[in-house]
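Notes follow once the structure below has been shown.
The values are calculated or read from the model by the stated rules, or taken from the named source; none is laboratory data. Quick caveat: nothing in here was measured; it's all calculated off a predicted structure. Cβ placement follows ideal geometry from the backbone for every residue including glycine, while neighbour counts extend to all protein chains displayed.
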Amino acid sequence: MKKKPLIDEVIKLIESNHGQPYGYKELCIQTNLSVRQLVDLFKEKNTTPMMFIKNVKNKSLLEKSMGKDTYLSSLKKI
């Protein structure tokens, strides 16, 4: 991602890497944005990048614990 990414591109990046430890450092490197820019970008979704990452991980864990892998299956359809 060399151009300035849109929020949807950053969301796809996070969702596709939800199984890996992801923090601001990794996200800044992958998106070529600063922490401030990421925080401002996620204001569109009324959240922060770290809360979004946490929610994606929690949703995936919840679905796995229920014996469903629907979240991961839905990513493969994209």
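At-a-glance table
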read-out: Given (1) touching a residue at least 12 places away in the same chain (Cβ under 8 Å); (2) surrounded by 14 or more Cβ atoms within 10 Å (Cβ to Cβ); (3) of a type in the set (S, T, N, Q); (4) closer than 19 Å to LEU6 by Cα, index of the condition SER60 fails; value: (4)
read-out: Every residue from the range 1-15 that is at pLDDT 90 or above and surrounded by fewer than 16 Cβ atoms within 10 Å (Cβ to Cβ); value: ILE7, ASP8, GLU9, LYS12
read-out: Pair list, Cβ < 9 Å and 6+ apart or interchain, from the range 17-38 residues that are free of Cβ contacts under 8 Å to residues at least 24 places away in the same chain and under 23 Å from SER60 (Cβ atoms) to residues that are assigned to a helix (DSSP H, G or I) and charged (D, E, K, R); value: ASN17/GLU26; GLN20/GLU26
read-out: The listed residue being modelled with pLDDT of 90 or more, farther than 15 Å from ILE11 by Cα, exposed (fewer than 14 other Cβ atoms within 10 Å of the Cβ) and not acidic (Asp, Glu), out of SER34, SER73, SER65; value: SER34
